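Presented below is the structure to which this report refers.
The values are calculated or read from the model by the stated rules, or taken from the named source; none is laboratory data. Since the model is a prediction, treat every value here as computed from it, not as a measurement. As a convention, Cβ positions derive from the backbone with ideal geometry for all residues, glycine included, and neighbour counts pool all protein chains shown.
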Amino acid sequence: MMLSYLWKRILLLIPTLYVVITLVFFLVHLIPGDPVDAILGEQARPADRERLVHELHLDQNLWVQHSYFLVGLMHGDLGVSLYDRTPVSQIIKEKFWATFQLALFAMAVALAIALPLGLVSALKQDRWEDHSAMLVALLGISIPNFYLGPLLILLFPIYLGWFDVSGKEGLTSLILPGITLGTALAAMVSRMTRTSMLEVMRADYVRTAKAKGLKPMRVYLKHAFRSALIPVVTVIGLQFGALLAGTVVTEKIFNWPGIGSQLLEGIGRRDYPVVQGCVLTIALTFMLVNLMTDLLYARLDPRVKLGKG
């Protein structure tokens with residue numbers, strides 16, 4: 001059952017990726033500006049322009065260019081950057097690990113905040129601890145990254161002189177962008193943890209365990225919390241995929257050398273192959289993370305039947 005479901009999902013990735021590739025390809029070519037001007041400059045000689053246009057297949061119609069890209073993709077070739085002729089696959093290899101590190105650290109920050117916050121909020125329902133935790137969650141989900149990031153830069157590197165302000169200079173460089181990304185996610189996961197925990201605490205087996213004389217705190221932490229984590233794991237998995245795809249603004253704010261920064265740079269340069277390669281990588285990563293989340297959910301909850309419903 002698991003293997004059959006896995007193959008079905010993998011086969012479904014193919015048409016999904018094709019739609020993503022096609023949409024991105026044509027949308028990217030709608031970006032105003034000429035990539036030849038970005039490469040040679042507006043004062044380039046007409047002969048040099050014509051040679052470069054022909055070399056890059058820009059003199060062909062978009063469907064022909066699209067077919068060139070698809071053929072290269074089937075051979076594992078994402079093309080080369082129009083700007084410096086570097087293979088796109090090499091660029092993505094260098095940039096993806098930085099984005100993955102940032103997303104992983106942001107997820108760790110989010111879980112370190114969200115799980116205790118959600119648990120305390122559920123155990124102290126309708127008390128001041130609950131209201132305080134939900135207020136923190138509301139603030140976290142209400143402050144956008146493009147505001148929180150510069151605010152953290154002003155507070156810590158500039159006023160207090162703590163941490164690196166930008167770039168990738170070691171572990172400390174991860175702290176501020178990780179907090180920026182992790183805050184909104186922590187707010188969402190904490191609310192989900194609280195809701196799931198409250199639901200499990202009302203379950204029959206929890207009431208039975210308490211009726212047998214087990215200490216309520218032991219029942220909640222050892223039995224209820226584990227069951228409450230099942231839907232939370234699903235949210236975490238889906239949000240991790242979104243986190244990998246949503247680091248663009250934060251990477252730009254903190255000058256983090258990841259896929260997001262490379263994507264924005266490629267858009268600014270009208271570097272079509274780089275933009276297509278970055279978006280394809282983000283889309284594929286998002287879909288694979290969702291697939292792994294589904295499989296993990298089924299593993300944690302045997303009641304889930306893969307491929308049905």
Filtering the range 30-48 for residues that are in contact with a helix residue (DSSP H, G or I) (Cβ under 6 Å, 6 or more places away or on another chain) and either of a type in the set (Gly, Ala, Ser) or at pLDDT 75 or above (or both) leaves a count of 1
Q: Take ILE158 and decide whether it is in a helix (DSSP H, G or I), closer than 30 Å to PRO273 by Cα and among the β-branched types (Val, Ile, Thr).
A: no
Might you check whether a residue that is farther than 21 Å from THR180 by Cα, crowded, with 17+ Cβ neighbours inside 10 Å and more than 16 Å from the chain's Cα centre (by Cα) occurs anywhere in the range 202-217?
-> yes
Considering residues that are surrounded by 13 or more Cβ atoms within 10 Å (Cβ to Cβ) and outside any helix (DSSP H, G or I), the number found within the range 126-154 is 1
Review point. Hey, does the range 270-281 have a residue that's among the charged types (D, E, K, R), under 27 Å from ILE91 (Cβ atoms) and either in contact with an Asp or Glu (Cβ under 6 Å, 6 or more places away or on another chain) or modelled with pLDDT under 85 (or both)?
Key: yes
Expected single match for under 23 Å from LEU229 (Cβ atoms), of a type outside the set (S, T, N, Q) and touching a Phe, Trp or Tyr at 6+ places or on another chain (Cβ under 6 Å) among MET107, MET134 is MET107
Among residues of the range 268-287 being of a type in the set (D, E, K, R) and surrounded by fewer than 23 Cβ atoms within 10 Å (Cβ to Cβ), the residue farthest from PHE26 (Cα to Cα) is ARG269
**Request:** Check whether at least one residue in the range 83-102 is modelled with pLDDT under 85 and either of a type outside the set (Asp, Glu) or touching a Lys or Arg at 6+ places or on another chain (Cβ under 8 Å) (or both), and report yes or no.
**Result:** yes
task: Might you check whether a residue that is in a helix (DSSP H, G or I), in contact (Cβ under 8 Å) with a residue 24 or more places away in the chain and acidic (Asp, Glu) occurs anywhere in the range 256-272?
output: no
Within the range 235-271, the residues that are of a type in the set (Asp, Glu) and more than 23 Å from LEU171 (Cα to Cα) are GLU265, ASP271
Subject >> Test: SER227 is surrounded by fewer than 16 Cβ atoms within 10 Å (Cβ to Cβ) and not β-branched (Val, Ile, Thr) >> reply: no
Counting only residues in the range 66-111 that are touching a residue at least 12 places away in the same chain (Cβ under 8 Å) and polar (S, T, N, Q), the one surrounded by the fewest Cβ atoms within 10 Å (Cβ to Cβ) is identified as SER89
How many residues of the range 229-272 are more than 26 Å from ILE143 (Cα to Cα) and touching a Pro at 6+ places or on another chain (Cβ under 9 Å)? The answer is 5
When the range 14-29 is checked residue by residue, the ones that are surrounded by fewer than 15 Cβ atoms within 10 Å (Cβ to Cβ) and farther than 15 Å from LEU263 by Cα are ILE14, PRO15, THR16, TYR18, VAL19, THR22, LEU23, PHE26
Notebook entry, point to check: Got at least one residue in the range 244-252 being modelled with pLDDT of 80 or more, surrounded by fewer than 17 Cβ atoms within 10 Å (Cβ to Cβ) and of a type in the set (S, T, N, Q)?
Noted result: no
By residue number, the members of the range 70-95 that are basic (Lys, Arg) and outside any loop (DSSP other than H, G, I, E, B) are LYS93, LYS95
Pairs returned, first residue in the range 123-143 that is in contact (Cβ under 8 Å) with a residue 40 or more places away in the chain and over 26 Å from HIS223 (Cβ atoms), second residue that is β-branched (Val, Ile, Thr) and in a helix (DSSP H, G or I), beta-carbon separation under 6 angstrom, 6 or more apart or interchain, are GLY140/THR183
| task | Restrict the check to the range 186-201 and report whether at least one residue is assigned by TED's automatic domain parsing to the domain that holds MET107, surrounded by 16 or more Cβ atoms within 10 Å (Cβ to Cβ), modelled with pLDDT under 80 and in a helix (DSSP H, G or I). | result | no
